[in-house]
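A short worksheet on the structure shown next.
Values quoted throughout were computed directly from the atomic coordinates according to the rules given, and no laboratory measurement underlies them. Since we're looking at a predicted model, the values are computed, not measured. Here the Cβ positions follow ideal geometry from the backbone for every residue, glycine too, while neighbour counts run over all protein chains shown.
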Amino acid sequence: MLLIACPVNHPASQKRDAVNHIQGESLVLASSIPGKLCFDALVKGSVLMRSTYLSDDTTHVVYQEGKDYTIDYPKGEISRTLHSTIPDYSLHPLFGKVNFDHTETPNYSNDPYFIWVDYTTENAYPLAKPNDQQKYLVNFRKRVESGTKTTIVSYGNSITAGGEASSDSLRFQFRYLEHLQKLFPAANLMMQDVSIPGRASSDGIELWDDYVGKTEPDLVLLGWGMNDHNVGGNSPEQFKNNLVMLVTMIRERKNAEVILFSAFPPNHHWKFGSHRMEHFATATKDAALESQCAYADVYAVWQTALQRKDQSSLLANNINHPNDFGHWLYAEAFKAISL
């Protein structure tokens, strides 16, 4: 189905050593245990905490500092108070569970526990490193500069299909589309997603004709790995070979350019993960090098965020789906690409 991105307000790009305002960063707070934001050195009076990602959502509840939470501004940490109205994540049925089987718990989602934080930091730095991929995206660059009608197709698993983003406009590829439109005002862009939830890269090859085969892309955003990474899934080597084959098929059958992108590590307490996503991220980068196509390092961005944040604060389903802020992290990896 063809989808057009809707304009929304997203966090501005970070600049090292610059005061920066972050919008809608997610946290889950358990009991009175402090939760860390991506950045420390918070500006006093800048913090706003609410129950929805978007600030203009009329259903949101605004939480009160001192009443619902306390802030350690230098450390960038927030804690629930004793009588807080913020949902207590320690009451989540999987809180503290190791090697858990989500099928044994009907309500394993983290969605009811998220809070969303706007704040200004005096210690911002880029979550995604600059990533020069110009030589692999020459034709795409020419098309967006000239205003030629250009179709971007995204192909992957449930994360690329939307995961648990609360709206299409908040999915990472549509955030990227919005970014491209701002960079190239004359661009005539359309996004089409043909992802297959619950499948792995082998299925991406097998089901090619019914999905990418029915599209006419100029650029394909190609991202697999989360389901390959599951226990019993493809080995990193087989996964890499599958990606190389998919890039070859895109070029030979569609004459399109490709951006390969890695995945992030799922919940490390989940029973069905092999817990070696770093190998699959490396395999994705190796596949891009072997295929001579562009690469977006989502895994590295996620790892940077996890230097301070806990996994649960980013996982909508508490397993392997990013929440709205997690989709923003994905988009940051794409926005770091130089065309």
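So, R0 is 35 Å and r is the distance between the beta-carbons of Lys271 and Lys142; what FRET efficiency does that work out to, to 0.05?
Plugging the Cβ-Cβ distance into 1/(1 + (r/R0)^6) gives 0.15.
Using 0.36 nm per residue of separation minus the Cα-Cα distance, give me the extension gain between Glu206 and Gln181 in nm, one decimal.
Going from the current span to full extension adds 5.7 nm.
Rounded to the nearest 500, what is the chain's calculated 222 nm mean residue ellipticity when only DSSP H runs of at least 4 contribute -39500 (n - 2.57) each, over all residues?
Rounded to the nearest 500, the figure is -7500 deg cm²/dmol.
Under unit Cβ charges (Lys, Arg +1; Asp, Glu -1), what dipole magnitude, rounded to 20 debye, does the chain have relative to its Cα centre?
That gives a dipole near 620 debye.
With viscosity set to 1.002 mPa s and temperature to 20 °C, compute the Stokes-Einstein D of the range 20-121, Rh being the Kirkwood radius across alpha carbon pairs; µm²/s, no decimals.
Taking Rh from Cα pairs, D becomes 150 µm²/s.
Could you give the length gained by full extension between Gln303 and Arg253, i.e. 0.36 nm per residue of separation minus their alpha carbon distance, to one decimal place?
Here the answer is 14.5 nm.
Regarding the chain, what is the average projected area of its C-alpha convex hull, in nm²?
Projected over every direction and averaged, the Cα hull of the chain covers 16.6 nm².
Taking the Cβ-Cβ separation of Glu122 and Glu290 as r and a Förster radius of 30 Å, what is the calculated FRET efficiency to the nearest 0.05?
FRET efficiency, Glu122 to Glu290: 0.10.
Report, to the nearest 10°, how far helix 324-335 tilts away from the longest principal axis of the Cα atoms in the chain, using its own Cα long axis and a range of 0 to 90°.
Compared with the principal axis, the helix lies near 40 degrees.
If one puts a single equal scatterer on every Cα of the range 114-227 and applies the Debye formula without solvent, what log₁₀ I(q)/I(0) results at q = 0.09 Å⁻¹?
Reported log10 I(q)/I(0), two decimals: -0.31.
Taking the Cα centre of the chain as the origin and placing charges on Cβ (Lys, Arg +1; Asp, Glu -1), which of Gln181, Ala305, Gln192 is farthest toward the positive end of the dipole?
Checking the options against the dipole of the chain, the answer is Gln181.
Label 7 Å along Cα→Cβ of Asn230; the range 94-129 residues with amide nitrogen under 13 Å?
102-103
Mind checking which lysines have their C-alpha under 26 Å from Lys254, skipping anything on the same chain fewer than 8 residues away?
Once the sequence-local lysines are set aside, what remains near Lys254 is Lys135, Lys142, Lys149, Lys214, Lys240, Lys285, Lys335.
Among Ala281, Phe325, Ser146, whose Cα projects farthest towards the positive end of the dipole of the chain, with charges put on the beta-carbon of Lys, Arg (+1) and Asp, Glu (-1)?
Ser146
Taking only C-alpha pairs under 8 Å that are 6+ residues apart, what is the relative contact order of the range 20-121 in percent?
In percent, rounded to a whole number, it is 45.
What angle do you read, to the nearest 10 degrees and between 0 and 90, between the alpha-carbon axis of helix 172-183 and the longest principal axis of the chain?
Its long axis makes an angle of about 80 degrees.
Between Tyr89, Tyr113, Tyr69, whose Cα lies farthest towards the positive end of the dipole of the range 20-121 when Lys and Arg beta carbons carry +1 and Asp and Glu beta carbons carry -1, centred on the Cα centre?
The residue sitting farthest along the positive end of the dipole is Tyr69.
Run the dipole for the range 20-121 about the Cα centre, Lys and Arg Cβ at +1, Asp and Glu Cβ at -1, nothing else charged, and hand back the magnitude in debye, nearest 20.
With Lys and Arg at +1 and Asp and Glu at -1, about 260 debye.
For the chain, take the longest principal axis of its alpha carbons; what is the angle in degrees between that and the long axis of helix 236-254, to the nearest 10 within 0 to 90?
With both axes taken from Cα atoms, the answer is about 50 degrees.
Given 10 Å bins starting at zero, what is the percent of C-alpha pairs of the range 93-168 in each, up to the one with the largest pair distance?
Taking every Cα pair in the range 93-168, the percentages come to 11, 20, 31, 24, 12, 2.
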